[in-house]
Amino acid sequence: MMRFHVLTLFPDMIEEGAHNSILARAMDKGLIGVEAVNIRDYTQNKHGRVDDYIYGGGAGLLMQAQPVYDAWEALSGKIREERGEDPGEKKPVRTVYLSPQGKVFSQEIAEELSREEDLILLCGHYEGIDERVLEEIVTDEISIGDYVLTGGELPALVLIDAVSRLVPGVLGNDVSAETDSFQDGLLEYPQYSRPEEWRGKKVPPILLSGDHAKVDAWRKEQSVLRTKERRPDLYEKYLISLEHPEEM
């Protein structure tokens, strides 16, 4: 089982988002686990606050180091105990901070993360999180794109979804993941279902031929053409991979 542990101020967002569709079925089968930990439960502030004003001035509030660290430490200890690890070893648990300043998330990163047994996902809010605790606990900083959201919960769910579908058995048919866009550096080919004709548009005849070799060749050709048209940046990388496969 692969387990996602989300440190958040809004655990309901994670719970509600994860307990649907394919993710919910994967959890029911014991293939993945999703746990939301409320950072507020670890604050020492008598009013339950987890934020304060920023040193040096500036707009907004900043999440404080103490509640984030204490929540992370308690969670890490629990994970190590569940793994049966020696408490004295303090083996680090991979911890991802969802931030617009991080490395942009990709299929390649999703594949790498899918090989982990446990992932801690840290969701920021307000103007972010005190830098000192990030330096102390974060192993990876990941962004889902060059824009700013109100918090890290939606990016965390995006990451959970993308990584989970690479866990064996989650999709039911693992071939589905192998033919997805980006899996081989190309966008996915166009696909069709019944009826054979809809609003005057017909399914390409090659897909009705029953010749699997020709169908595969057509799909690869369409993937290349679609990538060239819609994502020239990916197409350039694809051409380089053909010329220098050892470098990719």
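What are the residues in the stretch 63-85 that are hydrophobic (A, V, I, L, M, F, W, C) and either out of contact with any strand residue (DSSP E or B) (no Cβ under 6 Å at 6 or more places or on another chain) or assigned to a helix (DSSP H, G or I) (or both), if any?
Of everything in the stretch 63-85, those that are hydrophobic (A, V, I, L, M, F, W, C) and either out of contact with any strand residue (DSSP E or B) (no Cβ under 6 Å at 6 or more places or on another chain) or assigned to a helix (DSSP H, G or I) (or both) turn out to be 65, 68, 71, 72, 74, 75, 79.
How many residues are crowded, with 18+ Cβ neighbours inside 10 Å and either without any contact (Cβ under 8 Å) to a residue 24 or more places away in the chain or outside any strand (DSSP E or B) (or both) if we restrict to the stretch 122-138?
7
Scanning for something in a helix (DSSP H, G or I) and at pLDDT 95 or above, does the stretch 44-62 turn up at least one residue?
Checking the stretch 44-62: not a single residue is in a helix (DSSP H, G or I) and at pLDDT 95 or above.
Out of the residues in the stretch 26-45 meeting the condition of being touching a residue at least 12 places away in the same chain (Cβ under 8 Å) and over 25 Å from residue 133 (Cα atoms), tell me which one is surrounded by the fewest Cβ atoms within 10 Å (Cβ to Cβ).
Only one residue tops the list, namely 30.
If you take the residues of the stretch 191-237 that are in a helix (DSSP H, G or I) and among the small types (Gly, Ala, Ser), which of them is nearest to residue 106 (Cα to Cα)?
223
On the given criteria, is residue 142 within 16 Å of the chain's Cα centre (by Cα), β-branched (Val, Ile, Thr) and assigned by TED's automatic domain parsing to the domain that holds residue 32?
yes
Could you please find all residues in the stretch 46-65 being free of Cβ contacts under 8 Å to residues at least 60 places away in the same chain and on the phi < 0 side of the Ramachandran plot?
46, 47, 49, 50, 52, 53, 55
Looking at 52, 12, can you tell me which residue is under 19 Å from residue 157 (Cα atoms) and of a type outside the set (A, V, I, L, M, F, W, C)?
Only one candidate qualifies: 12.
Residue 111 passes all but one of (1) surrounded by 14 or more Cβ atoms within 10 Å (Cβ to Cβ); (2) in contact (Cβ under 8 Å) with a residue 60 or more places away in the chain; which number fails?
Going through the list (1) surrounded by 14 or more Cβ atoms within 10 Å (Cβ to Cβ); (2) in contact (Cβ under 8 Å) with a residue 60 or more places away in the chain, residue 111 breaks only (2).
The values are calculated or read from the model by the stated rules, or taken from the named source; none is laboratory data. Just so we're clear, the structure is a prediction, and the values are computed from it rather than from any experiment. Positions of Cβ are backbone-derived with ideal geometry, glycine not excepted, and every protein chain shown enters the neighbour counts.
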